[in-house]
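For reference, the structure is listed below as structure tokens.
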Number of protein chains: 2
Amino acid sequence: MQYMPVTESMFLIAETRDQPMHVGGLQLFIPREGQTPEELADDVSQRFHAATEVSPMFRRRPATPAQVAGYTAWTEDDEIDFDYHIRQIILPRPGEVKDLLRYVSQNHGALLDRRRPMWEAHIIEGLQDGRVALYTKVHHSVVDGVTALRLLQRTLSTDPDDRSATAFWDMELVRRRRKRKAAEKPEKSLLSTITDAAGSVVDAAGQVAGIGPAAAKIAAAGLLDKNYVAPLQMAPTTMLNQSIGSARRFAAQDWPIERLRAAGRAQKMTVNDVIVAMCAGALRSYLAEHDDLPEESLIAAMPVSLHADGDADGNAVTLISVRMATDIADPGERVAAIKASTASAKKVVRKLKPLQALTLGAAMGWPLAFATVPGFVQYSPRGFNLMISNVPGPDEDLYWNGAKLDGCYPVSIPMEGLAMNITVTTVAGKAGFGIIGARAQLPSLQKILTHLETALTELEALPPAE
Amino acid sequence: MQYMPVTESMFLIAETRDQPMHVGGLQLFIPREGQTPEELADDVSQRFHAATEVSPMFRRRPATPAQVAGYTAWTEDDEIDFDYHIRQIILPRPGEVKDLLRYVSQNHGALLDRRRPMWEAHIIEGLQDGRVALYTKVHHSVVDGVTALRLLQRTLSTDPDDRSATAFWDMELVRRRRKRKAAEKPEKSLLSTITDAAGSVVDAAGQVAGIGPAAAKIAAAGLLDKNYVAPLQMAPTTMLNQSIGSARRFAAQDWPIERLRAAGRAQKMTVNDVIVAMCAGALRSYLAEHDDLPEESLIAAMPVSLHADGDADGNAVTLISVRMATDIADPGERVAAIKASTASAKKVVRKLKPLQALTLGAAMGWPLAFATVPGFVQYSPRGFNLMISNVPGPDEDLYWNGAKLDGCYPVSIPMEGLAMNITVTTVAGKAGFGIIGARAQLPSLQKILTHLETALTELEALPPAE
């Protein structure tokens, strides 16, 4: 038995049947030369089933079987029932990407069993383009979404001839990593530096986003300090901010990261800003289609690092609130407003001492902890309409046992009053957008994908910034 | 909005994430001459998607979105999101029956979304023998398991050339049935007589089994009446009587009904008794394998009709408790003890007035309602170890759009303290056994299938009863 900190147990306590608290990832692989999709899927399945030495993280489960509360400790299972946790299926004809997304939608709403380690790995064949998909589900009390993505990436290699691939839970990966760290110190490889930085950045982001009531007191103390202005604003009420059911709708697509970078260079904005601009244009169109575009701008919450760049020492991450300028029809003016908003938010945040910045993030995030209290969503003011996260990964091509990673999409968590979540990960030259929404509340969610492309095209058509 | 009786709402109230309260059915079909499995699966999918006029039963959902209690009314959705409710998948190679059972196991543990009509239909291809499976899941508040099976059977025809097949929720079926009833009165077809009788018998069985607290008072009144002896006994505590998680394990197999009938004739026992004898032998072996065979006999609860036979007027159904004689090693002695036990239980029950009989059944079943109270299972005495149900269906061969029904297996509900359920349905010449269990608590559940065959063979080897 192992003590469970509030940052882990709160995801168990906040979970309801309408608000499952697990994160997911969808990865697509191209079989290597001469390999059929069946062979790749069976290779994955066999290596997964053979990885019987499971790392402690994927063996632990809540120690108390009580239904309501009191999850205070972890226990560890010695044997893992792979026939339950590993699932292999083939999509029906025609095997389009939308059939894959439907499968993920249908499965992301189901709660994980708390009487066993809370994860599943789905190996999916049947795509007509010959790719093989891996959809993974892990409870947020075990890892945050970004750590999950990082763990998945650790099973990959930059070497297409590497044939030592295994499952993400394999203890062997932990040993390899320790060995590499010991050998490489002080000169780390480019890949491990980037993944480590991304990992620690977002481990902390997960904690801040979830720290809730425990942090509320700190937040209050911070507010008394009076040397910063809390940027809490009233976000408008939209269809994104409803009470939700458990059924999900998932949409995903990627764009070449170079396109986003080029647009950013031309407009003198960061890739993060480009992502916000794409989401702003897309949500403006989506809400307008549903007669629900508010007069005031949508407000997004985004986790950001407090450090300029490359500085990986520690957990200095906070949430900023960004005015998405969805009330502005003109793309050029909208982009200018977004740039101004993110710049000012970051400027304020960077002046803060780390604890103050963390406090700020916690103050923004704390209402999430009350989301399951009946009536709270309908009657409480909110600081933001949705969370948008950007999770950087390695830029190089990556392979699993010679099969090339061709797409990587986060599958995050809709919540009471926050029916949509957009998480983007940049890996191997592509920015993969994963848009998860409450199914009944957000119809035709997949249209956002078209709108994202339109918004990027509009951005590219703007005259370069001076 | 429509008032919800306690016999429906209690299945919503008693439901927890460890104890989903939906029933299921697994049906297997052989494609008709010249039809490939893909064509049959696509035919099912297309006709299901085309059945957009959905009967009220499959459009209703709980009106209140609250989490805890207060489910007092139904509301009806006008549009059904078929992309969510209808699911089509292909099993991975080799496509053995065990791969199908694994799929059902993996999916039967997931809760249904309460914000939409609570049912799912899974069309499953990929069996190497070329059969196509249909796995359906419906919430117990909407229908009991037997009504669900009856509804599935109503989509079938005795005519292999009938090409009017549709989905089980199609309003057209309701209209056809009304028309047939009007035309056939007073002479009903054999098929509709049998299915109607089976249906009403078990509609009531579901109500009695679930009537719980509402009936407790009646039960108490009945006990004060003193003109019958309540047969409540202490059942031994076994691995079947544990606290459970949500993960499931499903095993299914069928036997020619003629084999069971012949064995019954030779031993002068009913098919029901033969089923109990098979389960008794199988559970004795299963528990012995796990070093958990109790010294006292297991006790099974079985729903039975109060009428001798064929008499279909009304809901006179109760639960009887049967001593399974699992403490007796000799097959002949065990079978004799089972015959004596079921005969005496039925004799007692048949002497009761209907209300008393219902009261008896309710008194046996009421602890189920307390099963979700923490600690109840571990510390309370129980009247039985598992429920065994036998649901008769029509004997003729049945077809869905020309595809022959080749197997029909109920998928019922394990509960707190009742980790296993065995339900048998006799359709088209076969007795289909569906054994559902809590996954972590009942390892190697599929071995029961071998033990059932052994027990039947032993029964057949006994000298004929005098």
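We did not get these values from a lab; they are worked out from the coordinates using the rules stated. Every value quoted in this text rests on a predicted model; they were computed, and no experiment measured them. Cβ placement follows ideal geometry from the backbone for every residue including glycine, while neighbour counts extend to all protein chains displayed.
Brief remarks on what is shown
- Averaged over B:241-250, number of beta-carbon atoms from partner chains that fall within 10 Å: 3
- Using a 7 Å Cα-to-Cβ projection, residue B:292 label spacings across copies, nm, ascending: 4.8
- Label 7 Å beyond Cα on the Cβ vector: residue A:261 copy-to-copy distances, nm: 7.7
- Taking the fewest neighbouring Cβ atoms within 10 Å as the starting point, the ordered list for A:239, B:171 is B:171, A:239.
- Charging the Cβ of each Asp and Glu at -1 and of each Lys and Arg at +1, and nothing else, the dipole of the range B:2-183 about its Cα centre rounds to 660 debye.
- Per-residue Cβ neighbour rank within 10 angstrom, fewest leading, A:111, A:398: A:111, A:398
- Amide H contacts of residue A:243 (H built 1.01 Å from N, under 5 Å, at least 5 apart or other chain): A:417
- Teacher prompt: residue B:171 distances to equivalent labels in other copies, 7 Å Cα→Cβ, nm: 6.2
- Ordering B:250, A:11 by the number of other Cβ atoms within 10 Å of each residue's own Cβ, fewest first, gives A:11, B:250.
- Take the Cα of residue A:330, step 7 Å toward its Cβ, do the same at residue B:163, and the gap between the two points is 6.4 nm.
- Computed from the Cβ-Cβ distance with R0 of 41 Å, the FRET efficiency linking residue B:93 to residue B:344 stands at 0.20.
- Comparing Cα centroids, the range A:1-44 and the range A:393-466 end up 18 angstrom apart.
- Extension gain from residue A:178 to residue A:63, taking 0.36 nm per residue of separation minus the Cα-Cα distance: 38.5 nm
- In terms of its C-alpha gyration tensor, the range A:2-183 comes out oblate, because a/c is 1.5 or above while a/b does not outweigh b/c.
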